[in-house]
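K.L.:
Quick one: structure below, then a few questions.
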Amino acid sequence: MYDFWETMILGNMIYQGNPMLRHLELTRKEPLKKEHFDRWMELWSETVTEFFSGKNADEAVLRAQNIATLMQYKTEEINRSYL
Ligand code: HEM
């Protein structure tokens, strides 16, 4: 996760994974639902704003929100197909 955010926010291209795929695998084992993403987002925002402020901090919250929205949409599709 450190590498991921360093790549996203600071532009040092050190992360080479595929977080979306990782979480799609996770939701097959234990469904990731809206309440989990809401809580994740709450913890992320709190943590970022506790330690940082400014343009990069705002960007970290905004980008996480965008990714979380997309991730939730994709995990819901998988969760539905496992009903
Ligand atoms: C319901 C919300 C979420 C849960 C419960 C969750 C849980 C996890 C877990 C258990 C792992 C370890 C997976 C593994 O090593 O196999 C992981 C990895 C990771 N998560 Fe999440 N996650 C959530 C949302 C997010 C979101 C919204 C982001 C991005 C903004 C994110 C970014 C990452 C990254 C970058 C990794 C490392 C992946 C890698 O090793 O390449 N996660 N997460």
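The values are calculated or read from the model by the stated rules, or taken from the named source; none is laboratory data. In this text, all values refer to a predicted model and were calculated from it rather than measured experimentally. For neighbour counting, all protein chains shown are included, and Cβ atoms are generated from backbone atoms with ideal geometry for every residue, glycine included. Heavy atoms of the whole protein, side chains included, go into the accessibility calculation; ligands, DNA and RNA do not. Shrake-Rupley method; radii C 1.70, N 1.55, O 1.52, S 1.80 Å.
K.L.:
Using the structure shown, decide if E42 is at pLDDT 95 or above, within 12 Å of the ligand (Cβ to nearest atom) and among the charged types (D, E, K, R).
P.N.:
Values: at pLDDT 95 or above: yes; within 12 Å of the ligand (Cβ to nearest atom): yes; among the charged types (D, E, K, R): yes.
So E42 passes the test.
K.L.:
So which residues in the stretch 33-55 are open to solvent by 80 Å² or more (accessible area, probe 1.4 Å) and not polar (S, T, N, Q), if there are any at all?
P.N.:
K33, K34, E35, H36, R39, W40, E42, E46, E50, F51, F52, K55
K.L.:
Another one. If I filter the stretch 10-32 down to residues being hydrophobic (A, V, I, L, M, F, W, C), open to solvent by 40 Å² or more (accessible area, probe 1.4 Å) and in a helix (DSSP H, G or I), which single residue comes out as nearest to the ligand (Cβ to nearest atom)?
P.N.:
L26
K.L.:
Another question, then. Could you say whether any residue in the stretch 65-74 is open to solvent by less than 80 Å² (accessible area, probe 1.4 Å), touching a His at 6+ places or on another chain (Cβ under 7 Å) and over 20 Å from L10 (Cα atoms)?
P.N.:
Yes, there is a match, as at least one residue in the stretch 65-74 is open to solvent by less than 80 Å² (accessible area, probe 1.4 Å), touching a His at 6+ places or on another chain (Cβ under 7 Å) and over 20 Å from L10 (Cα atoms).
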